[in-house]
């Protein structure tokens, strides 16, 4: 991790830029037989892409160490993030996260205060920005707009699932909730295999659930009831509410807030709540997904 002081505009203080780089990789098998073919070379080619797309949630997970360095551990329990995915990431791309810490008014420029906000980007070596967003501590402006599902009774997955289309997208309705066992071993496996993050906070008796794993529950909730052959993560808004600890069975519930078509793609906006075994809400999210992918060209 590198911290590069950058001049702050209209100020005599410096604004540190925290950087972290990683070589992108597929987090699963490169096979047309996977449940989202956009993450395979053969499947992505059907939509005009030059290679398999790395999952957006996995790419986001690589930004977490830099965000934690900027915002501190409290971000995991009561912080928020809002980001969009702008360009695809392919295996072998060098991806650099840059977190820009804005100094508080009259501050030293080296700390983020309560309610402070940072800007971040994830870019390729040529400067092409793949993800851009903001993150901070406290309650996000978007939080009051997130819908909360009334249906929180977990049910088994649909067998078989229904093909999701614009005609049956359940706008304004709750999705069937699902139970998600998450062991201490599962938490470490996610950190090792997907996030490539060796920090001890993701391991041991009090292992935390990685923010990338939390973001990934939205797609899994949709696929608890529906199927679609190819999908692309387009953006997320996430509000953390309480410590998310491994070693329990969580409940994931959700409400479909909108659906629309843009540039040959069909989008779904899904608001999700992740709750602990005791019923405490740990996180609320809004997930923007392309569930019918148009041609890239």
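General remarks:
- The chain: calculated mean residue ellipticity at 222 nm from DSSP helix runs of at least 4, using -39500 (n - 2.57): -3500 deg cm²/dmol
- One chain, two ends: residue 125 and residue 278. Fully extended at 0.36 nm per residue, the span grows by 50.6 nm beyond their Cα-Cα distance.
- Cβ crowding within 10 Å averaged over residues, with 75-83, 61-69 ranked highest first: 61-69, 75-83
- Reducing the stretch 191-256 and the stretch 27-57 to their Cα centroids gives an inter-centroid distance of 20 Å.
- Radius, Kirkwood style, for the stretch 167-250 when every pair of distinct Cα atoms is counted (Å): 14.5 Å
- Multiplying the residue separation of residue 173 and residue 86 by 0.36 nm and removing their Cα-Cα distance gives an extension gain of 28.5 nm.
- In this rough spin-label picture, where each label sits 7 Å from Cα along the Cβ direction, the residue 189-residue 145 distance is 3.7 nm.
- Among (1) 1.13; (2) 0.94; (3) 0.99, the entry derived from the coordinates for Cα Rg over 2.2 N^0.38 Å: (3)
- Considering only alpha-carbon pairs that sit under 8 angstrom and 6 or more positions apart, the relative contact order computed for the stretch 2-292 is 19 percent.
- In range of the label at residue 263: residues from the stretch 219-257 whose backbone nitrogen is under 12 Å from the point 7 Å along Cα→Cβ: 234
- Computed on the stretch 37-90, with alpha-carbon pairs under 8 angstrom and 6+ residues apart, the relative contact order is 31 percent.
Laboratory data are not the source of any read-out in this text; all were calculated from the coordinates shown. Here the structure is a predicted model, which is why all the values come from computation and not from measurement. Methodologically, a virtual Cβ is constructed for each residue, glycine included, from the backbone with ideal geometry; neighbour enumeration extends over all protein chains shown.
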